[in-house]
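Asks: Could you have a look at this structure, given as structure tokens, before my questions?
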Amino acid sequence: MSDAMIRVPAEARARLAVIAESRGTPIRSLVQELAETRLTDEERRERAERTRAYLAEHVGVEVSDEESAAMGRKLRDAFAGQESAAA
């Protein structure tokens with residue numbers, strides 16, 4: 001695999017260095033992990049649709065758009081709360 005250079009502001013690089021050091025891993029591993037695990041908006045929508053279809057077929061539960069949006073808000077709030085508590 002060939003390497004590529006990514007330019008980021010010095011503050012972002014410093015933050016990545018702190019995170020990498022706390023994990024005992026190089027910055028390149030953090031960036032690789034992000035690229036391999038972060039979903040695009042389209043990938044999230046596709047995953048949500050597959051989940052809805054699975055729930056309908058295997059569990060007999062139909063999830064409405066409103067219910068899905070409400071759960072998304074709850075999850076975002078929960079993760080935001082975890083991030084602010086860790087800071």
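The values are calculated or read from the model by the stated rules, or taken from the named source; none is laboratory data. Treat the numbers as computed from the prediction; the structure is a model and nothing was measured. Positions of Cβ are generated from backbone atoms using ideal geometry, with glycine treated the same way; all protein chains shown enter the neighbour counts. What goes into the accessible areas is simple: the full protein's heavy atoms, side chains included, and nothing from ligands, DNA or RNA. Shrake-Rupley method; radii C 1.70, N 1.55, O 1.52, S 1.80 Å.
Asks: Return the only residue of 84, 68, 22 being surrounded by 12 or more Cβ atoms within 10 Å (Cβ to Cβ) and hydroxyl-bearing (Ser, Thr, Tyr).
Replies: 68
Asks: Within the stretch 5-14, is even one residue over 28 Å from residue 86 (Cα atoms), open to solvent by 90 Å² or more (accessible area, probe 1.4 Å) and modelled with pLDDT under 95?
Replies: yes
Asks: Something else about it: Pull out all pairs, ordered by first then second residue, where Cβ-Cβ is under 6 Å, the residues are six or more apart or on different chains, the first lies in the stretch 42-62 and is open to solvent by less than 100 Å² (accessible area, probe 1.4 Å) and modelled with pLDDT under 95, and the second is in a helix (DSSP H, G or I) and not acidic (Asp, Glu).
Replies: Note: pairs meeting the criteria are 61/55.
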